[in-house]
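Written below as structure tokens is the structure these notes are about.
Every number here is computed from the coordinates shown, using simple stated rules; none is lab data. Everything numeric here is computed off the predicted structure, so don't read it as measured data. Neighbour counts run over all protein chains shown; Cβ positions are idealised from the backbone, glycine included.
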Amino acid sequence: MNKRLGLRRRLMLLVLLAMAYPIHSHGVDMLGWFKKKEVFLSSEVNGVITKNGSPVANLAVTRSLMYIDGKDRIDVAITDSEGHFYFPRKTIRSSIPNRLFSEDHVSQQITIEPEGELLPLWVANHVGITEIPEFSEKLSLITCDVVDAQVDFGFKNNNNPHLDHMASSICRWQADYKPIWLYDGENEYRVNNYDLSDLTKRK
């Protein structure tokens, strides 16, 4: 009986050691799992909305930010007489980044709904818990005309020059903007050579 009990204890010890090894090898303090870190959700946003070049006033703009905790954090801004809107920088505190194998990302969506049609001003997946300067640069000034079509586009990734960041929007940027797909509501078009005037309809 004592031998069997001793064997059981040794097996339990081996299991505990096996569980502790990856924690120790990753330099994680078990108590640290409950400590909270700052998680970056979005930089400040400055935008202007027009219709055929004329400012659109009193239009509700919705920003939805969802971290991997599944909570949808929603802010609403109203365009002024010049069509301008603004959202402040947004962060939260969470213990999730301390968990092993946590794949941190934030779903960012900024939308409007003029005349009942939902239009994306910015839809992107922000990877990690720290600010990505390329995202912040894009959001520092976005100009959007409600008559323009939605475009999936790439922009520079300073950490990996061979893999662009991706986003989708009806807005347009003068620099660091590589349109790839265009949607007109019914059809989808491949943008050739990043030229919005050179399109190939997807069959």
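Among the lysines, which fall within straight-line cross-link reach of LYS51, defined as a Cα-Cα distance under 30 Å, with same-chain neighbours fewer than 8 residues apart omitted? List returned: LYS90, LYS138, LYS156, LYS178, LYS201. With a Förster radius of 22 Å applied to the beta-carbon distance between ARG89 and GLU134, the computed FRET efficiency rounds to 0.90. In plain terms, the residue of SER197, SER169, SER107 with the fewest other Cβ atoms within 10 Å comes first and the most crowded comes last, giving SER197, SER107, SER169.
The ASN157 and GLU113 beta-carbon pair, evaluated with R₀ = 30 Å, returns a calculated FRET efficiency of approximately 0.45.
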